[in-house]
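Q: One structure coming up, written as structure tokens, with questions to follow.
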């Protein structure tokens, strides 16, 4: 009898609302937990690009359209061997970023494989793959055509500025992650059939390219050689392009004719002239043949929206062109100094196309140099009026051949002080011009990603606007709101 009572009591307890809801909650919890386990198993097997999001300040782990194009179009197997164990790589500050990035590379193509090889366990791996000098942390990138090594130091850049040495006692440094550029360049190198050759003209007081730009040209898989026309007697047949960078003296008439003949046969040239105030008639002969004329006068900007601190430091408008489209997409300004104007002729032959790449505002003006300098930066009567073209690209197709000529009229285009101090697209204008002329799309540069705090660059008008807003308008509005609240409370 007592047992029956106990059973009846248990049935009554189990039938209560609390127990029913408790059982229901427990069952739902078990089902939800099972669903979460299944979803977690599915997600863990998905490619990293679908499950991992890049929230880093400079998007270290993300890859750009160029990388997606090169890796996504691979038609042969490429292996990237990282000379470190996977655990060591992910624990390292630089290789850890690289490891995350390489997961995204692998998701783009079945032809790309990434392997981690610990030199301590496999000490002969590097030498067996033709990279005996490769150090720990380096990458061996290999295809059936060729192989190359990306050293650990190539994955990042450290640039030093010694201008602060005398005030602080030590140079300042900036660090950038350059892994995407290094790896994509290596992949492009091992699968390319031919690589372009760039000849840099010498013998006229030309400047050397800054080391950082030299490195980027090398990353673009462009082989650079020096060329003295006086001794060479002409431009080599294997030249993909000719670079004339900041010459102090004019060409000889014979050299100008050799360059013109090279261009007319389908060659290409990039010229960055120096503003000396002296006439360079043989260079002018080349420019004029391609619908351009240099003013040989210093261009200054009268619009505060188009200069930085001084009218001499120009922030030009970026025109639409294949060369400038990657720059426009990134929305990063160009900062030029020591620039002269380029006039594009309206009367050119039908086979020739000339396009402006960079231009000043209508408020700009040009000043003639006296003894290589100007007496004042103020606008005076007789100064030439803008707008001016500061960079132009010309193309001409004759038969099956196409010639290219790009002129960028600022001798400070690649000034290291400007490039290192500011976030600007100066080097991109130069490198993209080389890529365009070499007709090698994949050589368009991939910019390093800063690992430091970037300096915000503003034009003079932007600086004034924010100063007035933060020091004038906002304090006045807040003060007005405070007075309004105080007056409202007094009335209550």
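The values are calculated or read from the model by the stated rules, or taken from the named source; none is laboratory data. Owing to the predicted nature of the structure, the values given are computational and were not obtained by experimental measurement. Glycine gets a Cβ as well: all are built from the backbone with ideal geometry, and neighbour counts include every protein chain shown.
Q: In the stretch 303-329, how many residues are farther than 15 Å from residue 424 by Cβ, in contact with a strand residue (DSSP E or B) (Cβ under 8 Å, 6 or more places away or on another chain) and not in a strand (DSSP E or B)?
A: To start, the set of residues in the stretch 303-329 that are farther than 15 Å from residue 424 by Cβ comprises 303-305, 310-312, 319-323, 325, 329.
This time we only want the ones that are in contact with a strand residue (DSSP E or B) (Cβ under 8 Å, 6 or more places away or on another chain), so: 311-312, 319, 321, 323.
Going one step further and asking which of them are not in a strand (DSSP E or B), we end up with 319, 321, 323.
Residues in the stretch 303-329 being farther than 15 Å from residue 424 by Cβ, in contact with a strand residue (DSSP E or B) (Cβ under 8 Å, 6 or more places away or on another chain) and not in a strand (DSSP E or B): 3 in total.
Q: Let me ask something additional. Regarding the stretch 390-408, can at least one residue be identified that is assigned to a loop (DSSP other than H, G, I, E, B), crowded, with 16+ Cβ neighbours inside 10 Å and in contact with a strand residue (DSSP E or B) (Cβ under 7 Å, 6 or more places away or on another chain)?
A: Filtering the stretch 390-408 for residues assigned to a loop (DSSP other than H, G, I, E, B) gives 399-400.
If we keep only those that are crowded, with 16+ Cβ neighbours inside 10 Å too, we end up with none.
No, there is no match, as no residue in the stretch 390-408 is assigned to a loop (DSSP other than H, G, I, E, B), crowded, with 16+ Cβ neighbours inside 10 Å and in contact with a strand residue (DSSP E or B) (Cβ under 7 Å, 6 or more places away or on another chain).
Q: Which of the residues that make up the stretch 191-234 are under 22 Å from the mean Cα position of the chain (by Cα), in a helix (DSSP H, G or I) and surrounded by fewer than 20 Cβ atoms within 10 Å (Cβ to Cβ)?
A: 211, 212, 214, 215, 218
Q: Restricting to the stretch 289-324, name every residue that is touching a residue at least 40 places away in the same chain (Cβ under 8 Å) and within 22 Å of residue 436 (Cβ to Cβ).
A: Across the stretch 289-324, the qualifying residues are 290, 291, 292, 294, 316, 317, 318, 319, 321, 322, 323, 324.
Q: Consider residue 334 carefully, then state whether it is assigned by TED's automatic domain parsing to the domain that holds residue 401 and under 22 Å from residue 209 (Cβ atoms). If you could, list the steps in order and put the result at the bottom.
A: Working: assigned by TED's automatic domain parsing to the domain that holds residue 401: yes; under 22 Å from residue 209 (Cβ atoms): yes.
Answer is yes for this residue.
Q: Let me ask something else. Residue 350 fails exactly one of the following numbered conditions: (1) surrounded by fewer than 13 Cβ atoms within 10 Å (Cβ to Cβ); (2) over 29 Å from residue 240 (Cα atoms). What is the number of that condition?
A: All conditions are met except number (2).
Q: As an exercise: evaluate residue 271 against (1) assigned to a helix (DSSP H, G or I); (2) in contact with a strand residue (DSSP E or B) (Cβ under 8 Å, 6 or more places away or on another chain); (3) touching a residue at least 40 places away in the same chain (Cβ under 8 Å) and give the number of the one condition it does not meet.
A: For residue 271, the failing item is (1).
Q: Here is a list: 237, 255. Which entry is surrounded by 13 or more Cβ atoms within 10 Å (Cβ to Cβ) and out of contact with any strand residue (DSSP E or B) (no Cβ under 8 Å at 6 or more places or on another chain)? Steps first, please.
A: Values: 237 fails: surrounded by 13 or more Cβ atoms within 10 Å (Cβ to Cβ).
Unique residue meeting the criteria: 255.
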